[in-house]
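Visitor: Below is the structure I would like to discuss, written out as structure tokens.
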Amino acid sequence: MEPLKIIDHYYRKDTQAYQILVTHSQLVTEKALWIAQRHPELNPDSDFIAEAGMLHDIGIIKTHAPDLGCYGELPYLCHGYLGREILETEGLNDHALVCERHTGVGITAEEVIKNKLPLPERDFVPESVEEQIICFADKFFSKSKDLKKEKSLDEIRKSMGRFGQKNINRFNEWCELFL
């Protein structure tokens with residue numbers, strides 16, 4: 001499976017959205033593979049991480065995020081489950097779950113309901129070690145600011161603060177596990 005061929009099917013190479021997606025995804029994938037290599041005791045599937053890391057944000061094209069060159073109709077928060085739908089049509093069901101579950105440190109059905117989020121009422125929480133590694137690695141890189149700058153742990157914690165202490169705690173657990 002070649003992730004760039006799948007991306008090429010949904011994105012034009014000469015667009016801002018393509019450049020942002022591919023650059024961001026490469027950085028996230030490199031970070032995720034670095035983490036996987038450092039933790040053989042977790043038995044992560046590095047081949048899967050390499051593929052799913054490149055595809056984790058494929059759903060942004062269906063959202064309304066003009067700063068990213070995306071002119072879909074749905075809010076950006078929906079990009080995870082929209083990516084799942086895309087990858088399921090490609091027959092990549094395990095990769096699709098990474099798309100759906102990588103936002104923030106995961107979003108529970110309870111949070112969807114409580115915060116009236118524009119998401120289906122179900123859990124969007126990373127489960128497998130590969131999902132967790134990709135989700136964690138994703139926190140280090142932005143798509144909207146300096147694409148190639150890796151955020152510090154403090155910057156990540158500060159940005160997560162607006163979503164509550166529970167999310168910071170989950171991130172801190174991953175720091176202990178993966179760093």
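Visitor: Criterion first (over 29 Å from Gln19 (Cα atoms) and surrounded by fewer than 16 Cβ atoms within 10 Å (Cβ to Cβ)) does Arg170 satisfy it?
Guide: It is false that Arg170 is over 29 Å from Gln19 (Cα atoms) and surrounded by fewer than 16 Cβ atoms within 10 Å (Cβ to Cβ).
Visitor: In addition: Kindly establish whether Thr89 is among the β-branched types (Val, Ile, Thr), over 17 Å from the mean Cα position of the chain (by Cα) and either open to solvent by less than 10 Å² (accessible area, probe 1.4 Å) or within 21 Å of Met54 (Cβ to Cβ) (or both).
Guide: The answer is yes for Thr89.
Visitor: Among the residues of region 149-167, how many are under 11 Å from Lys139 (Cβ atoms) and part of a helix (DSSP H, G or I)?
Guide: Residues flagged as under 11 Å from Lys139 (Cβ atoms) and part of a helix (DSSP H, G or I) within region 149-167 amount to 7.
Visitor: A further question follows. From the list Glu130, Glu173, pick out the single residue that is modelled with pLDDT of 95 or more, assigned to a helix (DSSP H, G or I) and touching a Phe, Trp or Tyr at 6+ places or on another chain (Cβ under 6 Å).
Guide: Exactly one residue qualifies, and that residue is Glu130.
Visitor: Moving on. Can you name the residue in region 99-122 that is touching a Gly at 6+ places or on another chain (Cβ under 8 Å) and under 17 Å from Arg170 (Cα atoms) and is also least open to solvent (accessible area, probe 1.4 Å) among such residues?
Guide: Of everything passing the filter in region 99-122, His102 is least open to solvent (accessible area, probe 1.4 Å).
Visitor: Going through region 123-167 one residue at a time, which ones are among the aromatic types (Phe, Trp, Tyr) and open to solvent by less than 40 Å² (accessible area, probe 1.4 Å)?
Guide: Listed by number, the residues that qualify are Phe124, Phe136, Phe140, Phe141.
Visitor: Right, next: Within region 64-77, can one find any residue that is under 25 Å from Met1 (Cα atoms), among the small types (Gly, Ala, Ser) and surrounded by 16 or more Cβ atoms within 10 Å (Cβ to Cβ)?
Guide: The answer is no, given that none of the residues of region 64-77 is under 25 Å from Met1 (Cα atoms), among the small types (Gly, Ala, Ser) and surrounded by 16 or more Cβ atoms within 10 Å (Cβ to Cβ).
Visitor: Moving to a separate point now. Run Thr103 past the list (1) among the hydroxyl-bearing types (Ser, Thr, Tyr); (2) in contact with a strand residue (DSSP E or B) (Cβ under 7 Å, 6 or more places away or on another chain); (3) farther than 23 Å from Leu21 by Cβ and report the number of the one that doesn't hold.
Guide: Result: Thr103 fails condition (3) only.
The values are calculated or read from the model by the stated rules, or taken from the named source; none is laboratory data. Quick caveat: nothing in here was measured; it's all calculated off a predicted structure. FYI the Cβ positions are ideal-geometry reconstructions off the backbone, even for glycines, and counts take in every protein chain you see. Heavy atoms of the whole protein, side chains included, go into the accessibility calculation; ligands, DNA and RNA do not. Shrake-Rupley method; radii C 1.70, N 1.55, O 1.52, S 1.80 Å.
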